[in-house]
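First comes the structure, then the notes that go with it.
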Amino acid sequence: MAAPVESSGWFPALAIAVSLLKCLFINAYHSTDFEVHRNWLAITHSLPISRWYYENTSEWTLDYPPLFAWFEYGLSQAAVHFDRGMLVVENLNYASPATILFQRLSVVFADLVFIYAVKECCTTVREEKAAKDLLRRPCFVLAVLLLWNFGLFIVDHIHFQYNGFLFGFLLLSVARHLQARHLEGALWFSIVLNLKHINLYVAPAYGIYLLRCFCFTQDNTDGSLRWRSFSPVRLVSLGAVVLSVTAASFGPFVAMGQLPQVLSRLFPFKRGLCHAYWAPNFWALYNVLDKALSMLGVRLGLLDVAGLPKASMTGGLVQEFQHAVLPSVSPPTALLCTLLAMLPALWCVWRRPCGGRGFLRCLVQCALASFMFSWHVHEKAAPASGEHRRDAGIFLMLATTGHYSLFPLLFTPAEFPIKVLLMLLFTIYSFSALRNLFSGEGSLLHPLEALYLLGLVAVEVLCEVVFPLSPWQQTLPFVPLLVTSVYCALGVSYSFVRLYVSLLTQEVTEKTKRL
Amino acid sequence: METCTLVSMSILLGVLVRWGVSFNSYSGAGKPPMFGDYEAQRHWQEVTYNLPIQEWYFNTTDNDLNYWGLDYPPLTAFHSLLCAHVAKLINPEWVKLLGSRGYESPAHKLFMRATVLAADLLVYIPAVVLYCCYLTNGSTNKKVGTLLCILLYPGLILIDYGHFQYNGLSLGLTLWGVLGLGLGWDALGSLAFSLALNYKQMELYHALPFFCYLLGKCARQGLTGRGLFSLVKIAVTVLVTFALCWLPFLSDPEQALQVLRRIFPVARGLFEDKVANAWCSLNVLIKIRSILSSDSQFYLSFAVTLLAITPSSLKLLKTPTFWQFKLALVNSSLAFFLFSYQVHEKSILLAALPVCLLLNDLPLVAIYFLQVSTFSMLPLLLKDGLLMPYAVTSLAFLVLSTHLLSALERCTEAQLRLEGYRRLAAWLPAWLPRLDLARIIRRKRWFPPSTLQMPVPGTFPNIRPCQLAVKHRGQ
């Protein structure tokens, strides 16, 4: 659209445009997460450090690692100039216009980290041939898919969270690893780990990759590991980086002997296997199977109705649940399943790293595995997929399904057009852009996959238009959530399996090439 | 990327921005007893739904004309009636006669905003898409860039989705008229414009160019042959359209007269509030309103307006080309805005629409004017609590349009079409300073950010529309 000469102005234009769009939704609906962060602003500003992880006036206690608490403390210094009322711990659910403005703007500004990280990623994207048309260049497509990501937009700027900020650090660390600046990459990853501990899930990928590619400095000619090239210096320097960041974050609390308290806040295993709305992962399918089997058992007279657990898992209650037919799942079991799911990917990257691309695939695989099998996953953990190249079809499946699974987050009528419009915008763009990038290599999606994705439209119409007008609205109010969750779980699981197949078949073809 | 993908994405983005602005406050929110334009529209739904047509424009016990009496032509009333039927289905409280005054609720706001969006989706947005696809020059990317910029023009979005009005409908119908004329479908174009006139009487600002263009075109075809046939066809279309719209009011002459009295309130004075036109600005130095009588004010504004629009209309009659027609639209609407009687600041939108049509040809000047036009409505927007959406949409428009239309690269004298000015300047006496307009225009692009520091309501932005009008008359 711009003159061909002006090739660098498009990135700032994209970034500014999306930031302005974010500012437009300041007055839209925000969830309880808004109050969560306001409470943390108040806690970190008004109370001494020793009280931060003990404070429980509000039900939304501090459950992120200390570095995030420091971040909130920093924000609170600016919040003073907007409205002091939000910094009073007792002001529960305080939401004056100035408070809303400040909090929303803080998310927009925190996204600057994300924007910088995207810029760095774009510079590492290889372009085989520089296309004349800006819209066809891979770095442009990548920038749009990341900056204008539907999931981040909906969750961060309407529902209210700081995922863009956190994801920015993660993306930056990935970019640094792709640029072979491994120590810096490790630094950024340690930072993001100390900001939100959910990223522990991808730590094994980092650990194995860095061990294999950074600590062992050389490979044999056939690509296998040369054990002799182990460099203790590098291992120590890596360890130093990670430990120093962790020390800066946790240090004061360890010194005060509060570490157990902090850890208990960070890992609340008392919460149930699934949240009130089931994340579309493996356990959603497991629960549904259990329910179906129990109903079948009752029908066939094999089970006693009185002996079955009563509480509904999606009824809004967040508690531990006993399965009726299939074995119940406990936190250690879930952890074991997650680790088992990650193992093949880690093994692949250990045996044959294939440089930065291999690392990226492993990272995505681990993130997806953790989403699939973990304990108490929030649906918001879904937007974790990065860039794929030959796996464009899988990306489309995963992205579209994952994004659709976020729809129940915005349930108010006024926000309905926003989520539909943004979803359409992002989906149309991603399909069109990826099809252009890979034109001539056949269709990106199998017909059945296309049918599944079209089915999402049907599910949406059913859940948000047909069902509320039907007589079952009163008696079975959880059905739309259930249907959405299970349908998306199918898509996500399918993508997970396909990714693995793709990873392992690539491994096999690499082996046969070398023979 | 294919055209339809780009077009659909532009439309989605345009609708998204509109809906985003709609989250903010509207005119008169929470301000009894009169509230604002939002309440006026709701009240018209109440009146048209509950009362018989004969009472819509009259002062009765059920219809107090002092409380937002209907002052638009019949098509607005019919549109309100349609919305009222939908409202009644959802919640009868919204249109209860005399009982729903000042009704405000989140659900009602959602409904009202949805009616504006529906009107835009049906009328305005398709017109813009068709105009950009078929009547603009350049590559696909250039056309889509123009489409996106027109859809993101802040003034219309802020007034329709913020303050609350249905300008998208009247401007959309006018655009359909322009579209018809541009594609050679004169009868359909006249139909659309007649409907626009019957929706808002302010569309008269655009009437003379339509008239001159069509008359000139028919004259070209020969007034004794095909031309006469075309003329008769157009005339019949217009008359039938008007007749159909005014049908319920034609049974009794008093009805028609009363409607006319309501839509042309000559008793209200030269101008109200602060508006960026000539009389308000002049009033700062010379208190016209107190010096001249009401009648004199009326005749003065009539004379000056006529003087301002005559040159472009005559030129259009002589050479009825589409480019000349677009320029005449700009000239006419701006002349009316600057010199006419009882102009409201929102009427700048009537000038903004034709300028949007020039975005592709004269990007820098058009962008500049569109920015200034939005700025001129700032006092109104501030009153409605729309500062944040104003800042966001104005900045977004500036950044995107400058980038997409390569405005800053296309400002040589030839590209700014200033040859006419140069020819005119050649006739002036040698001792008068020659203004290098091209350089001034390029320098003026820095003005929008700087004018933000000086919120002098109304008077300051007036200068720019004046200069623009002068420039176009010279062509």
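Efficiency by 1/(1 + (r/R0)^6): what FRET value for residue A:16 and residue B:252, r their Cβ-Cβ distance, R0 = 60 Å, to the nearest 0.05?
Approximately 0.55, to the nearest 0.05.
Using θ = phi - 60° and the Karplus curve 6.51 cos²θ - 1.76 cosθ + 1.60, what whole-Hz ³J(HN,Hα) does each residue of the range A:460-476 get, with Gly and Pro shown as x?
4, 4, 4, 6, 9, 10, 6, 4, x, 8, 8, x, 7, 4, 7, 7, 10
Looking at the range B:12-33, which residues lose a minimum of 10 Å² of accessible area between their chain alone and all protein chains in place, measuring with a 1.4 Å probe and not counting ligands or nucleic acids?
Listed by number, the residues meeting the 10 Å² cut-off are B:12, B:13, B:15, B:16, B:17, B:19, B:20, B:23, B:24.
Residue by residue through the range A:491-502, which ³J(HN,Hα) values in whole Hz follow from phi under the Karplus form 6.51 cos²θ - 1.76 cosθ + 1.60 (θ = phi - 60°), with glycine and proline marked x?
Result, ordered by residue: x, 5, 4, 4, 4, 4, 5, 5, 4, 5, 4, 4 Hz.
Interface size between chain A and chain B, please: total buried accessible area, 1.4 Å probe, rounded to the nearest 100 Å². If you can, show how the numbers build up before the last one.
Values: alone 24360 and 21030 Å², together 42430 Å².
Interface between A and B: roughly 3000 Å².
Kirkwood Rh and Cα-based Rg: tell me the resulting Rg over Rh for the range B:230-360, rounded to two decimals. Spell out each step's value before the answer.
Details: Rg = 17.8 Å, Rh = 17.2 Å.
Rounded to two decimals, Rg/Rh equals 1.03.
Taking N as the number of residues in the range A:137-267, what is its alpha-carbon radius of gyration divided by 2.2 N^0.38 Å?
Scaled against compact globular proteins, the figure is 1.27.
Whose amide H sits under 5 Å from the amide H of residue B:343, counting only residues 5 or more places off or on another chain, with H placed in the peptide plane?
Here the answer is B:272, since their amide H atoms fall under 5 Å of that of residue B:343.
In vacuum, with every alpha carbon of the range A:452-501 counted as one equal point scatterer, what does the Debye formula give for log10 I(q)/I(0) at q = 0.17, 0.21, 0.26 Å⁻¹? Two decimals, please.
For the range A:452-501, the Cα-only Debye profile gives -0.56, -0.74, -0.94.
In the range A:415-437, which residues give up 40 Å² or more of accessible area once the other protein chains are added, compared with their chain alone (1.4 Å probe)?
The answer is A:421, A:425, A:428, A:429, A:432 - residues whose exposure falls by at least 40 Å² when every protein chain is included.
Counting only Cα atoms, I'd like the Rg/Rh figure for the range B:1-52, Kirkwood definition for Rh. Spell out each step's value before the answer.
Values: Rg = 17.8 Å, Rh = 14.0 Å.
Rg/Rh: 1.28.
Could you quote the convex hull projected area for the range B:24-69, Cα atoms only and averaged over all directions, in nm²? Intermediate results must be reported in sequence, preceding the final value.
Details: hull surface 13.4 nm².
If I average the Cα hull's projected area over directions, I get 3.4 nm².
Each residue of the range A:174-191 in order: what ³J(HN,Hα) in whole Hz does its phi give by Karplus 6.51 cos²θ - 1.76 cosθ + 1.60, θ = phi - 60°, with x for Gly and Pro?
Values per residue, Gly and Pro as x: 4, 4, 5, 5, 5, 8, 6, 9, 6, 5, 5, x, 5, 4, 4, 5, 4, 4 Hz.
The values are calculated or read from the model by the stated rules, or taken from the named source; none is laboratory data. No experiment lies behind these values; they were computed from the predicted model shown. Because the Cβ atoms are built from the backbone with ideal geometry, glycine has one as well, and the counts that use them run over all protein chains shown. Just so you know, the surface numbers come from the protein's heavy atoms only, side chains and all, with ligands and any DNA or RNA stripped out. Shrake-Rupley method; radii C 1.70, N 1.55, O 1.52, S 1.80 Å.
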